[in-house]
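Below: one structure, written as structure tokens.
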Amino acid sequence: MTRIKNLADLHKIKEEVQSKNRLRSSLDYPEHLVQIKVGMATCGIASGAKETMKYLNDELEQQAIDAVVTKTGCLGYCYAEPTIEVTLPGKEPVVFGYVDKAKVVEIIDVYIKRGEQVEGIIPLNFQTIDD
Amino acid sequence: MNDNKKQLRIALRNCGFINPEIIDDYISRDGYMALGKCLTEHTPEETIKEIKDSGLRGRGGGGFPTGLKWEITRKSESDQKYVVCNADEGDPGAFMDRSILEGDPHSVIEAMAICGYCIGADKGLVYIRAEYPLAIERLQIALSQAREYGLLGENIFRSGFNFDIEIRFGAGAFVCGEETALIHSMEGLRGEPTFKPPFPSVSGYLGKPTNVNNVETFANIPAILNKGAAWFSSIGTEKSKGTKVFALAGKINNVGLIEVPMGTTLREVIYEIGGGIRDGKKFKSVQTGGPSGGCLTTDFLDTPIDYDNLIDAGSMMGSGGMIVMDEDDCMVAIAKFYLEFTLEESCGKCSPCRIGNKRLHEILDKITSGRGEFQDIERLQLLSQVIKDTSLCGLGQTSPNPVLSTIANFEDEYLAHVNEGKCPAGQCKALLKYEIIEDLCTGCTLCFRNCPVGAISGERRQPHYIDQSLCIKCGVCYEKCKFNAITLS
Ligand SMILES: Cc1cc2nc3c(=O)[nH]c(=O)nc-3n(C[C@H](O)[C@H](O)[C@H](O)COP(=O)(O)O)c2cc1C
Ligand code: SF4
Ligand code: SF4
């Protein structure tokens with residue numbers, strides 16, 4: 001890593017990450033990806049998020065789906081852990097709760113591959129500082 | 001505000017959005033921008049003024065104005081000063097600080113560096129309980145990434161400002177969350193509180209001026225500096241600005257971590273965000289402030305949550321634990337539960353706290369086991385007052401609050417225990433009575449064969465009988481009987 005010396009260096013990193021994320025989720029971009037975040041705070045892990053993440057990775061790889069799976073912190077829905085957020089290219093992010101292996105299969109087959117609705121979506125109930 | 005969006009995430013702005021182990025993710029959401037601007041464009045005084053103007057108050061429990069604390073520490077003259085982050089988080093059921101450190105460790109690191117710049121410190125310490133391994137791991141990863149980028153270390157943003165952070169592990173004692181005890185624990189001494197003043201801002205770690213803030217307090221700082229004091233102070237109530245994170249737990253449908261603007265009512269939190277009481281039961285009480293707080297009734301459901309309103313209502317904000325109780329919870333037993341916790345956690349330095357709480361607990365135990373008498377309620381109140389008035393630290397001074405608030409708000413339950421020998425919620429086992437209804441009993445002998453203490457007798461095909469002097473109220477017979485012949489009263 002190179003040292004950050006000034007605000008311009010920070011802005012550069014910010015823009016790089018943002019544009020990478022924008023491209024990944026754009027249908028016009030040939031290398032677009034399905035982006036998945038798994039809630040991996042203590043609450044999520046205690047409910048099986050590690051197993052969910054591993055299973056998710058294995059399934060996506062086996063089915064050759066272009067996706068990037070990352071871990072993230074607690075979204076606050078501890079009652080519904082494990083939770084994952086799925087962003088299909090060109091679509092808004094969607095959060096699913098109670099994601100065990102069976103749910104992973106359903107999400108991949110129905111939501112990711114066919115783009116159809118799946119039960120178990122948690123409506124976002126907060127505003128962010130940018131709203 | 002959009003009706004189904006009662007929450008506003010400021011301290012949790014990145015939790016669940018970024019990968020906490022990748023610093024670039026944090027930077028992509030304006031991370032380290034506030035630090036960069038402070039160091040290159042603003043004086044410490046300007047930055048402190050911004051924090052003061054924002055109205056931010058400490059989220060660790062006390063609610064002391066953060067900007068003022070920074071100013072006092074800045075004005076304390078010394079060759080060496082320290083910034084301390086209090087990540088002890090000892091309240092039962094609380095996990096706000098853990099979630100922030102696990103989901104967004106850089107926000108705390110950035111804020112500590114800003115604090116160091118403002119007060120004139122080049123060293124920061126995070127005091128965290130060793131039971132938080134994941135938070136510690138993510139914090140360590142974040143610290144090393146920040147160092148690699150030169151966001152910690154020497155000459156940060158080429159401003160001449162140096163700052164680095166060390167982690168110190170606590171053994172998970174509640175009293176070590178009290179700032180003077182925390183400092184002694186870091187010095188390698190016993191984790192016991194000492195008298196204030198001097199406040200840590202004047203004489204803290206190793207006798208040097210030390211600014212202690214809570215994790216959530218720090219997590220708010222970068223957002224305030226990026227969006228401005230005016231923005232922050234437009235959120236909340238007159239004297240409590242911004243938001244508060246709560247760990248919502250107990251008999252509620254949506255257990256979880258929430259962040260709401262100050263001034264949100266308990267009703268909104270419990271019914272709209274929390275999804276109401278589990279299994280359609282009736283709400284009885286909500287406990288805030290952990291072992292230092294109190295239990296509020298339905299009368300307070302429409303009280304806007306802020307520091308002052310909660311104190312007026314006989315509880316306190318505390319660090320953010322919020323436990324919801326339903327009709328099945330016995331308030332005397334709840335008070336006893338908190339006292340058990342306090343007893344375990346009292347450091348033992350002051351007799352009123354060490355012995356007084358033990359006596360309170362004994363009286364509560366007497367009441368819940370059916371041996372209470374009317375005078376016990378008065379004894380509880382009297383002793384509570386003495387403990388409050390004569391304990392050295394916040395732990396002892398607030399430990400009787402759960403007792404006092406349950407007596408104030410649920411006196412009828414105490415009276416039912418001591419006068420009628422009844423527990424209205426049916427929780428106090430000693431006051432329960434399992435009995436066999438003769439007309440329904442078929443004499444199948446199932447309960448007789450399952451009772452672990454042989455309290456049940458009777459001939460086959462004849463009604464059975466429970467000897468109350470032998471019964472240990474285990475409830476096995478009640479579960480086993482296929483004919484609903486056993487009642488509980
Ligand atoms: C018994 C006791 C336990 C405390 N535990 C904590 C704690 O776990 N975390 C915390 O931040 N503050 C705790 N405090 C409050 C601290 O003493 C101190 O006021 C706080 O860390 C200051 O930070 P703030 O101004 O940002 O809230 C505790 C206080 C007492 C009396
Ligand atoms: S009040 Fe209790 S916890 Fe606090 S110093 Fe005294 S004995 Fe220790
Ligand atoms: S199990 Fe029920 S029916 Fe059978 S003997 Fe006991 S009380 Fe009577």
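The values are calculated or read from the model by the stated rules, or taken from the named source; none is laboratory data. Quick caveat: nothing in here was measured; it's all calculated off a predicted structure. So basically every Cβ, Gly included, is an ideal-geometry build from the backbone, and we count neighbours across all protein chains shown.
When A:Gly76 is tested against (1) part of a helix (DSSP H, G or I); (2) modelled with pLDDT under 95; (3) under 30 Å from B:Ile277 (Cα atoms), only condition (1) is not met.
Checking the condition surrounded by fewer than 20 Cβ atoms within 10 Å (Cβ to Cβ), of a type outside the set (Val, Ile, Thr) and within 10 Å of chain A (Cβ to nearest Cβ), which residue from B:Lys52, B:Lys37 passes? Of the residues listed, the single one that is surrounded by fewer than 20 Cβ atoms within 10 Å (Cβ to Cβ), of a type outside the set (Val, Ile, Thr) and within 10 Å of chain A (Cβ to nearest Cβ) is B:Lys37. Condition check for A:Asp100 on (1) under 26 Å from B:Val269 (Cβ atoms); (2) more than 12 Å from chain B (Cβ to nearest Cβ); (3) in contact with a Gly (Cβ under 7 Å, 6 or more places away or on another chain): one failure, at (1).
Condition first: in a helix (DSSP H, G or I), outside the structural domain of B:Asp104 (by TED's automatic domain parsing) and among the polar types (S, T, N, Q). Can you find one or more residues in the stretch B:278-300 that meet it? Scanning the stretch B:278-300 turns up at least one residue that is in a helix (DSSP H, G or I), outside the structural domain of B:Asp104 (by TED's automatic domain parsing) and among the polar types (S, T, N, Q). Only a single item in (1) surrounded by 15 or more Cβ atoms within 10 Å (Cβ to Cβ); (2) at pLDDT 95 or above; (3) of a type outside the set (Lys, Arg) is not met by B:Val175, and it is number (2). Of the listed requirements (1) touching a helix residue (DSSP H, G or I) at 6+ places or on another chain (Cβ under 7 Å); (2) within 14 Å of chain B (Cβ to nearest Cβ), A:Arg24 misses just one: (1). When the stretch B:455-481 is filtered for residues that are more than 7 Å from ligand 3 (Cβ to nearest atom), in contact with a Leu (Cβ under 7 Å, 6 or more places away or on another chain) and part of a loop (DSSP other than H, G, I, E, B), the ones remaining, listed by number, are B:Ala455, B:Lys473. For the residues A:Pro30, A:Pro82, the requirement of being touching a Phe, Trp or Tyr at 6+ places or on another chain (Cβ under 9 Å) and part of a loop (DSSP other than H, G, I, E, B) singles out A:Pro82. Which of the residues spanning the stretch B:215-253 are charged (D, E, K, R), part of a helix (DSSP H, G or I) and in contact (Cβ under 8 Å) with a residue 40 or more places away in the chain? Selection gives B:Glu216 alone. If you check B:Ser292 against the conditions, is it surrounded by 18 or more Cβ atoms within 10 Å (Cβ to Cβ), within 14 Å of ligand 2 (Cβ to nearest atom) and modelled with pLDDT under 95? Considered against the rule, which asks whether it is surrounded by 18 or more Cβ atoms within 10 Å (Cβ to Cβ), within 14 Å of ligand 2 (Cβ to nearest atom) and modelled with pLDDT under 95, B:Ser292 comes out as yes. Considering the stretch B:452-477, and only residues there that are over 12 Å from B:Cys441 (Cα atoms) and of a type in the set (Ser, Thr, Tyr), the residue that is surrounded by the fewest Cβ atoms within 10 Å (Cβ to Cβ) turns out to be B:Ser469. Just one of the listed residues (B:Cys350, B:Cys423) is more than 16 Å from ligand 3 (Cβ to nearest atom) and either touching a strand residue (DSSP E or B) at 6+ places or on another chain (Cβ under 6 Å) or within 24 Å of B:Val286 (Cα to Cα) (or both), and it is B:Cys423.
Does any residue of the stretch B:371-382 turn out to be assigned to a helix (DSSP H, G or I), in contact with a Pro (Cβ under 9 Å, 6 or more places away or on another chain) and buried (at least 20 other Cβ atoms within 10 Å of the Cβ)? The answer is yes, given that some residue of the stretch B:371-382 is assigned to a helix (DSSP H, G or I), in contact with a Pro (Cβ under 9 Å, 6 or more places away or on another chain) and buried (at least 20 other Cβ atoms within 10 Å of the Cβ). Considering the stretch A:94-131, and only residues there that are within 16 Å of B:Gln7 (Cβ to Cβ) and not in a loop (DSSP other than H, G, I, E, B), the residue that is modelled with the highest pLDDT turns out to be A:Val95. Condition check for A:Thr70 on (1) touching a helix residue (DSSP H, G or I) at 6+ places or on another chain (Cβ under 8 Å); (2) β-branched (Val, Ile, Thr); (3) at the interface with chain B (Cβ under 10 Å from one of its Cβ atoms): one failure, at (1).
In the stretch B:1-30, the residue that is nearest to the other protein chains (Cβ to nearest Cβ) out of those that are charged (D, E, K, R) and in a helix (DSSP H, G or I) is B:Asp24. Annotation note: Cβ proximity below 8 Å between a residue of the stretch A:39-58 that is in contact (Cβ under 8 Å) with a residue 60 or more places away in the chain and a residue that is surrounded by 15 or more Cβ atoms within 10 Å (Cβ to Cβ) (sequence gap 6+ or interchain) occurs for no pair.
Conditions (1) surrounded by fewer than 17 Cβ atoms within 10 Å (Cβ to Cβ); (2) within 16 Å of ligand 3 (Cβ to nearest atom); (3) of a type outside the set (Lys, Arg); (4) under 21 Å from the mean Cα position of the chain (by Cα), marked per residue:
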site	(1), (2), (3), (4)
B:Arg158	yes, no, no, no
B:Phe163	no, no, yes, no
B:Ala171	yes, no, yes, yes
B:Ile183	no, no, yes, yes
B:Glu187	yes, no, yes, no
B:Pro197	yes, no, yes, no
B:Ser201	no, no, yes, no
B:Lys208	no, no, no, no
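Taking every residue in the stretch B:254-278 that is at the interface with chain A (Cβ under 8 Å from one of its Cβ atoms) and pairing it with any residue that is of a type in the set (Ser, Thr, Tyr), at least 6 positions away or on another chain, the pairs with Cβ-Cβ distances below 8 Å are B:Asn254/A:Tyr77; B:Asn254/A:Tyr79; B:Val255/A:Tyr79; B:Gly256/A:Tyr77; B:Gly256/A:Tyr79; B:Leu257/B:Ser99; B:Glu259/B:Thr243. Being loosely packed, with under 15 Cβ neighbours inside 10 Å and assigned to a helix (DSSP H, G or I) is the filter; apply it to the stretch B:439-451 and report the residue that is nearest to ligand 1 (Cβ to nearest atom). Result: B:Asn450. Residues in the stretch A:16-58 that are surrounded by fewer than 20 Cβ atoms within 10 Å (Cβ to Cβ), of a type in the set (D, E, K, R) and more than 13 Å from A:Asp100 (Cα to Cα): A:Glu16, A:Lys20, A:Arg22, A:Arg24, A:Asp28, A:Glu31, A:Asp58.
The listed residues are B:Leu125, B:Leu151, and the only one of them that is touching a Cys at 6+ places or on another chain (Cβ under 9 Å) and either surrounded by fewer than 24 Cβ atoms within 10 Å (Cβ to Cβ) or within 11 Å of another protein chain (Cβ to nearest Cβ) (or both) turns out to be B:Leu125. Considering only residues that are of a type in the set (Val, Ile, Thr) and surrounded by 15 or more Cβ atoms within 10 Å (Cβ to Cβ), which ones fall in the stretch A:1-15? Result: A:Ile4, A:Ile13.
For the stretch B:383-407, the set of residues classified as surrounded by 24 or more Cβ atoms within 10 Å (Cβ to Cβ) and part of a loop (DSSP other than H, G, I, E, B) consists of B:Ser391, B:Ser399, B:Pro400, listed by residue number. Within the set B:Pro193, B:Pro198, the sole residue that is within 10 Å of ligand 1 (Cβ to nearest atom) and farther than 25 Å from B:Leu143 by Cα turns out to be B:Pro193.
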